Amino acid sequence: MKNQVQLITYVDRFGGGRLVDLERLLAGPLAGLFATVHLLPFFHRIDGADAGFDPIDHDRVDERLGSWADVARLAGRIDVMADVIVNHISADSPQFHDFSQHGRESAFNGLFLTLDTVFPQGAHERELTAIYRPRPGLPFTPATLANGEKRILWTTFTSQQLDIDVRHRQGRAYLEGILRTFSAHGIRAIRLDAVGYAIKRAGTSCFMLPETFEFIDELAALAHSLGMEVLVEVHSHYLRQIDIAARVDWVYDFALPPLVLHALYQGTARYLKHWLEIRPRNALTVLDTHDGIGVIDVGPEGGAAGRPGLLPAEQIDRLVETIHARSGGQSRLATGAAASNLDLYQVNCTFYDALGRDDRLYLLARAVQLFFPGIPQIYYVGLLGGHNDLQQLECTGVGRDINRHRYSEAELLAELERPVVRDLCALIRLRNTHPAFQGALRIGRSADSVLALRWQAGSAHVELIADLAAGSWCVRHGEDGAEQTVVLECQWPQASLAEKRVDWGD
């Protein structure tokens, strides 16, 4: 993937609602901003139990969005990434309908994971309680099939999302078919969604097992043979992310969002600098996603008794409460037991509202993201400095919908004219075009309250200096001895920066 900024968006929630509309936006008002677009699930259907992450037909574009020809045309203009939903398929899929009608006589009998597939001799309580869960309860749904058979289906996420047996020939064929369809229509990269849960083995946590890594290796090898790079999406302890990064093309830096919020709330870069020293470089940097703001990614492993996290437990509690306070309590309405379809390790809130709609701090957070090593990926709501959508939350009752606003084209164009959004676009263009970002990063030695990052390639350099305690910052760049400060519309005092001492180690 190109070392330039990416957009991640739903096709139907970002102006117009069709692939041709998105293509027009990327070639028009958004021209020059993005080298890659990650299309969140666009498969039939996009409005099931989990906003497309429960595909009925993973090989078919939802006709309300367009067709595979539209995807291929878009891929001819810009690199396209798409999701391979590895772990599960919809209960409304034709494969499950056949399985329900014919049971063990179905051609798809081996596709669906059941309790007895993993525990053929039955399971003890300690084995069931050892299974790692992203949500409350056990990952099983008792079902009576249409033919009268009673089965216990493995359902990691919801009863509508049926886990598949990725080690069965039917599961392998299903996933291989998706990859070949993607490749045939010009998709350049895939994200393996929920892959951490794909392999289950009795007597384990059934999450990120050694066999999971082997499965990822096999799927990545097939993707590479078809000309596609692989991004692995896993929310977990930071040391596990480092292990994953050593074996794949790309991982997400899910620790960055909570660390940036903590740094801005507390006025210290101490924990952010530590992460910068040890984090993998083959990362996609994010501040917000279609899911919530992760907490598990900076927390201890397996609770307080496990390996320490990137933030102490009391700091994580303080972080969560500050998000709730800065958002005026809105995030509390969408998080945990307050909303259905919950994830135990996420706070649901737009990043802009998590910073109290402070343009100065929001742009600083984005500058940090753009200066961190890796490839920045901007969520469509974050691009527009979006507010929490309480109306949509009330309508659906799904916590994550607070950060999944549906923008009409007129609304999108109006949001692009806000000063904070214009400034963010200016920073994105700088990140895309300045030659220094193709070089090496230096981390300036400074006080804990100051974050100083400098990229340099030959005589070209670009640097971010931020006084987190004062909330003041600036971006400077230059070449061949000439230097200038990036001037943004959202102005604020920067005088204190002149007094901050930074040792670049020259």
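We did not get these values from a lab; they are worked out from the coordinates using the rules stated. Since the model is a prediction, treat every value here as computed from it, not as a measurement. As a convention, Cβ positions derive from the backbone with ideal geometry for all residues, glycine included, and neighbour counts pool all protein chains shown.
Things to note:
- Principal axis dimensions, the range 21-143 - Cα atoms, whole angstrom, descending: 59, 33, 20
- Degrees between helix 210-225 axis and first principal axis of the chain (Cα, 0 to 90, nearest 10): 80 degrees
- When peptides 218-228, 374-384 are ranked by their average number of other Cβ atoms within 10 Å per residue, the highest-first order is 374-384, 218-228.
- Percent of Cα-Cα distances greater than 15 Å, calculated over the range 370-433: 59 percent
- Sorted by Cβ neighbour density within 10 Å, fewest at the top, the residues 371, 140, 182: 140, 371, 182
- Inverse mean reciprocal Cα-Cα distance (Kirkwood Rh) of the range 152-233, Å: 13.6 Å
- Distance between the range 221-279 and the range 190-212 - C-alpha centres, whole angstrom: 18 Å
- With R₀ set to 35 Å, the beta-carbon distance separating residue 409 from residue 160 gives a calculated FRET efficiency near 0.65.
- Relative contact order of the range 116-161, pairs being alpha-carbon contacts under 8 Å that are 6 or more residues apart, as %: 29 percent
- Among 396, 285, 19 the positive-end extreme of the charge dipole of the chain (Cβ point charges): 285
- Taking other C-beta atoms within 10 angstrom as a stand-in for reagent exposure, 22, 430 fall in the order 430, 22, fewest first.
- About its Cα centre, the chain has a charge dipole of approximately 540 debye under the convention of +1 per Lys or Arg Cβ and -1 per Asp or Glu Cβ, with nothing else charged.
- Dipole-positive endmost among 155, 505, 244 within the chain (Cβ charges, Cα centre): 505
- In the chain, the calculated helix contribution to ellipticity at 222 nm averages -9500 deg cm²/dmol per residue, counting -39,500 (n - 2.57) for every DSSP H run with n ≥ 4.
- Linear extension gain, residue 121 paired with residue 433, 0.36 nm per residue minus alpha-carbon span: 106.3 nm
- Three semi-axes describe the equivalent ellipsoid of the range 94-162; taken as square roots of 5 times the Cα gyration tensor eigenvalues and ordered largest first, they are 23, 13, 9 Å.
- With one equal scatterer per alpha carbon and no solvent term, the Debye-computed log10 I(q)/I(0) for the chain at 0.08, 0.10, 0.13 1/Å reads -0.50, -0.78, -1.33.
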